[in-house]
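Trainee: I am attaching a structure below and will ask some questions about it afterwards.
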Amino acid sequence: MLQYSLRRILGMIPMLILISFVVFSLAKMMPGDPFGGEINPSNTDPKYIEEMRDKLGYNDPIYIQYWNWVKGVAQGDLGKSTTHKLPTLDIILERMPNTIFLALTSLLITYVFAFILGMYAGRKPYTLADNFIAGYNYFALAVPSFIAGIVGIYLFSFQLGWFPFSGSVEVGLKEGSWEFIRSRIHHVILPALILGLMSTAQYTQFLRNDIIENSRKDFVRTARAKGTKESKIYNVHILRNSMIPLITFLGFDLVTIISGSIITETIFTYPGIGKLFVDSVATRDYSVMMSLTMLFSILTLVGNLVADLLYGVADPRIRLD
């Protein structure tokens with residue numbers, strides 16, 4: 001497994017180089033450039049503008065600009081945000097805890113509900129309860145997350161007043177205090193519920209279908225013929241094999257932790273990485289946008305690797321050589 005992991009990691013290098021080239025090219029093809037945000041806007045002297053373009057490297061050939069950007073990223077220098085006037089890395093690290101907190105909470109909700117609903121529907125297929133769960137799954141898959149978010153804000157924030165509709169914490173609370181922690185949890189519940197419950201559908205359906213399929217296999221018939229308890233058959237023999245798709249999803253959920261809540265964060269104006277990415281595109285903050293795109297790409301590659309490794313751990317028949 002170690003050799004397999006090393007080969008996969010080495011194989012990521014050319015992929016990352018290709019991704020960096022595509023990201024840089026797409027950013028350069030966008031209209032305008034971030035130059036206007038890096039100079040004194042009150043100084044309109046053409047000579048000053050041309051000198052600053054030379055100084056900041058905007059007049060350099062494209063390949064030199066690309067090399068300087070890649071070299072900076074490799075050294076941990078992601079550039080400076082033209083919107084926030086701060087180093088890009090500092091802005092990302094400031095927003096990262098909010099996104100991780102939101103994503104982990106939503107993933108916990110997703111897996112708990114998917115496990116409960118999927119197990120029940122798989123053990124009692126084609127019943128009224130199974131049809132009800134299937135109806136919920138189709139509804140969750142059909143409704144866009146931004147529609148669910150708007151409805152959730154209107155119902156639970158404006159009408160019932162149970163949850164706040166924006167932000168991540170109340171203003172003026174001392175960081176680390178109990179009131180601060182309670183406010184953080186209170187602010188994350190509604191967006192996490194929207195994100196988690198809408199994502200439950202596909203997990204529930206996969207688990208339900210796998211349980212039904214595995215319950216008809218020969219090893220289950222053999223266990224029943226030996227007099228094994230039905231609860232042990234489902235909880236030990238069938239469940240372990242049916243968990244493989246969910247474990248595979250867990251690897252891809254590494255990407256969801258960072259990038260999967262872009263729409264939800266935007267709707268709830270939740271100050272995380274997703275909203276930062278949307279804002280950077282709207283304001284043409286190239287440094288932030290390119291850094292986040294590279295971050296999402298790296299996490300996607302790492303998520304694929306983790307999914308493959310977990311797949312081999314969950315199913316001993318699979319050997320990674």
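Trainee: Please list, in order along the range 82-98, the HN-Hα scalar couplings obtained from phi with the Karplus expression 6.51 cos²θ - 1.76 cosθ + 1.60 (θ = phi - 60°), rounded to whole Hz, x for Gly and Pro.
Mentor: So the J values, rounded to whole Hz, are 7, 8, 8, 6, 9, x, 4, 4, 5, 5, 5, 5, 5, 8, 4, x, 5.
Trainee: Averaging the inverse of every distinct alpha carbon separation and then flipping it gives the Kirkwood radius. What is it for the range 93-175, in angstrom units? List each step's numbers first, then the result.
Mentor: On the way: mean 1/r = 0.0636 Å⁻¹.
After inverting the pairwise mean of 1/r, the radius is 15.7 Å.
Trainee: For the pair Asp279 and Leu26, what calculated FRET efficiency results from E = 1/(1 + (r/R0)^6), where r is the Cβ-Cβ distance and R0 = 22 Å, to the nearest 0.05?
Mentor: Values: r = 18 Å, r/R0 = 0.81.
The formula returns an efficiency of 0.80 here.
Trainee: What chymotrypsin sites (Phe, Trp or Tyr not before Pro) does the range 77-162 have in DSSP loop regions with at most 15 other beta carbons within 10 Å? Before the final figure, lay out the partial values.
Mentor: Numbers: sites: Phe101, Tyr111, Phe113, Phe115, Tyr120, Tyr126, Phe132, Tyr136, Tyr138, Phe139, Phe146, Tyr154, Phe156, Phe158, Trp162; in loops: Tyr126, Trp162.
Here the sparse-neighbourhood loop sites are Tyr126, Trp162.
Trainee: Considering every Cα-Cα pair within the range 60-120, what fraction, in whole percent, is farther apart than 13 Å?
Mentor: Values: 1348 of 1830 pairs.
More than 13 Å apart: 74 percent of the Cα pairs in the range 60-120.
Trainee: Also, I was wondering about something else. Count neighbours as other Cβ atoms within 10 Å of each site's Cβ, and list the GluC sites (Glu not before Pro) in the range 134-179 that are DSSP loop with at most 11 such neighbours.
Mentor: Values: sites: Glu170, Glu175, Glu179; in loops: Glu170, Glu175.
Taking the range 134-179 and a limit of 11 other Cβ atoms within 10 Å, the loop GluC sites (Glu not before Pro) found are Glu175.
Trainee: Continuing with the same structure: Just to be sure I understand the model, the point goes 7 Å from the Cα along the line to the Cβ. What's the resulting Gln3 to Tyr136 distance in nm?
Mentor: Roughly 4.7 nm, to one decimal.
Trainee: Roughly how many percent of the accessible protein surface of the range 105-146 is carbon and sulfur, given a 1.4 Å probe and a whole-percent answer? Can you show the working numbers first?
Mentor: Details: 1980 of 2500 Å².
On the range 105-146, the fraction of accessible area on carbon and sulfur atoms equals 79 percent.
Trainee: Quick check: from the Cα gyration tensor, does the range 88-229 come out rounded (a/c under 1.5), prolate or oblate?
Mentor: Details: a/c = 2.90, a/b = 2.11, b/c = 1.38.
In terms of gyration-tensor shape, prolate.
Trainee: By what distance, in whole Å, do the Cα atoms of the range 138-177 stretch along each of the three principal axes, largest value first?
Mentor: 43, 21, 12
Trainee: Further question on the same structure: Could you list which residues have their amide H under 5 Å from that of Lys80, counting only those 5 or more apart in sequence or on another chain, with H placed in the peptide plane?
Mentor: Distant-sequence amide H within range of Lys80: Thr88.
Trainee: With label points built 7 Å along Cα→Cβ from the Cα atoms of Leu18 and Thr269, find their separation and express it in nm.
Mentor: It is 4.2 nm.
Trainee: Pull up the cross-link candidates among the lysines for Lys28, meaning alpha carbon to alpha carbon under 25 Å and not fewer than 8 places away within one chain.
Mentor: Here the lysines satisfying the reach criterion relative to Lys28 are Lys47, Lys55, Lys71, Lys80, Lys85, Lys275.
Trainee: Something else: What are the lysines whose alpha-carbon lies under 29 Å from the alpha-carbon of Lys217, with same-chain residues fewer than 8 places away excluded?
Mentor: Once the sequence-local lysines are set aside, what remains near Lys217 is Lys124, Lys226, Lys229, Lys232.
Trainee: Taking 0.36 nm per residue of sequence separation and subtracting the Cα-Cα distance, how much length would be gained by fully extending the chain between Arg221 and Leu128, in nm to one decimal?
Mentor: On the way: separation 93, 0.36 × 93 = 33.48 nm, distance 2.58 nm.
Length gained between Arg221 and Leu128: 30.9 nm.
Trainee: As an exercise, identify the trypsin sites (Lys or Arg not before Pro) in the range 167-246 lying in DSSP coil whose Cβ has no more than 15 other Cβ atoms within 10 Å.
Mentor: Values: sites: Lys174, Arg182, Arg184, Arg208, Arg216, Lys217, Arg221, Arg224, Lys226, Lys229, Lys232, Arg240; in loops: Lys174, Arg216, Lys217, Lys226, Lys229.
Answer by residue number: Lys174, Arg216, Lys217, Lys226, Lys229.
Trainee: Now a separate question. Amide H of Gly167 versus every other amide H placed in the peptide plane: which residues, excluding those fewer than 5 positions away on the same chain, fall under 5 Å?
Mentor: Tyr270
Trainee: Could you tell me how far the Cα centroid of the range 182-256 sits from the Cα centroid of the range 11-28, in Å?
Mentor: Measuring centre to centre over Cα atoms gives 36 Å.
Trainee: What accessible area, in Å² to the nearest ten, does a 1.4 Å probe give for His84?
Mentor: Probe radius 1.4 Å; accessible area of His84 about 80 Å².
The values are calculated or read from the model by the stated rules, or taken from the named source; none is laboratory data. What you see is a predicted model, and the numbers here were worked out from it, not measured in a lab. Positions of Cβ are generated from backbone atoms using ideal geometry, with glycine treated the same way; all protein chains shown enter the neighbour counts. Ligands, DNA and RNA are excluded from the accessible area calculation, which covers all protein heavy atoms including side chains. Shrake-Rupley method; radii C 1.70, N 1.55, O 1.52, S 1.80 Å.
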